[in-house]
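Take this structure first; my questions come after.
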Amino acid sequence: MESIDMVENALAVITGLAWTVAYLGIIHRGFRDKTYGMPLTALALNITWEFIFAFLVPGRFGLQVAINVVWFCFDVVILYTYFAFGRKEFPASVHQRWFIPWGVLLVAISFVTQYSAAREFPDLPMDTYTAFVVNVIMSVAFITMLARRGSRAGQSLVIATSKWLGSAAVTVLVFLDLGSSLLLTLGVCVFVLDVIYIVMLARTRAA
């Protein structure tokens, strides 16, 4: 039992550190390259997840709640980079006046959806279930953003590898804790998508 606890603690530390490195890398590359390093859909889901499960529906573990607060602050900075630098990547077919409303709308929809899920199923660890769904969407969004840009602008192998490592570690951690086949399946999907993203990024020219 003690050995399992040690393994779970180690996985939790790896997850926290890896994702923190990814956040800081996204912020650094965003300001350096004058762009945003996290796709808007992923960012909207991520920042609202952290707000909900840090302030409105705190999870079971106090340490994770504290980490969520820190990650929320990081995402606020990333959201700033989106509004500061993202206008140039807004579709030319859509009038520029919709740039800010579209971003705000996605954040609002993400909040309402995830908060409703948390309130609808209070007996389930919805912070965990929704986090894995968000992570799948995020992995797809990163691949799509890279393919659309055709460069590493706002992205790096350090960010991609850190996301992959953090997601892999938390998948094992959650499976040991809950034994959920659904979460394991979602975690494996994220693992595969993140490996694809790393390979694509390695083959893409620098910004």
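Relative contact order, percent, of segment 1-131 when contacts are C-alpha pairs under 8 Å separated by at least 6 residues?
Relative contact order here is 29 percent.
If you take the beta carbon distance between residue 121 and residue 191 as r and set R0 to 25 Å, what does 1/(1 + (r/R0)^6) give as a FRET efficiency, to the nearest 0.05?
In this case the efficiency is close to 0.45.
Let me ask another. Which of the peptides 148-160, 6-18 is most tightly packed, and how do the rest follow, judged by the mean count of other Cβ atoms within 10 Å per residue?
Most protected by this proxy first, the peptides run 148-160, 6-18.
Here is a further query. Using the eigenvalues of the Cα gyration tensor, what equivalent ellipsoid semi-axes result for segment 117-207 when each is taken as the square root of five times the eigenvalue, whole Å, largest first?
Three semi-axes, in Å: 28, 14, 9.
Say R0 is 22 Å: what FRET efficiency, to the nearest 0.05, do residue 31 and residue 113 get from their beta-carbon distance?
Given R0 = 22 Å and the Cβ-Cβ separation, E is 0.15.
Further question on the same structure: Got the relative contact order for segment 89-207 handy, in percent, Cα pairs under 8 Å and 6 or more residues apart?
31 percent
Taking each full run of DSSP H in the chain as one helix, which ones are at least 18 Å long along their axis (Cα atoms) and have mean Kyte-Doolittle hydropathy of at least 1.6?
62-85, 157-178, 181-202
Could I ask something else about it? What are the radius of gyration and Dmax of segment 39-181, computed over its Cα atoms and given in Å?
Cα only, segment 39-181: 16.0, 49 Å (Rg, Dmax).
Report the relative contact order of segment 31-101, percent, no decimals, based on alpha-carbon pairs under 8 angstrom and at least 6 residues apart.
With pairs under 8 Å counted, the relative contact order is 39 percent.
Only the coordinates and a few stated rules stand behind these numbers; no lab work does. Keep in mind the model is a prediction, meaning the values are calculated, not measured. In this analysis, Cβ positions are derived from the backbone assuming ideal geometry, glycine residues included, and neighbour counts consider all displayed protein chains.
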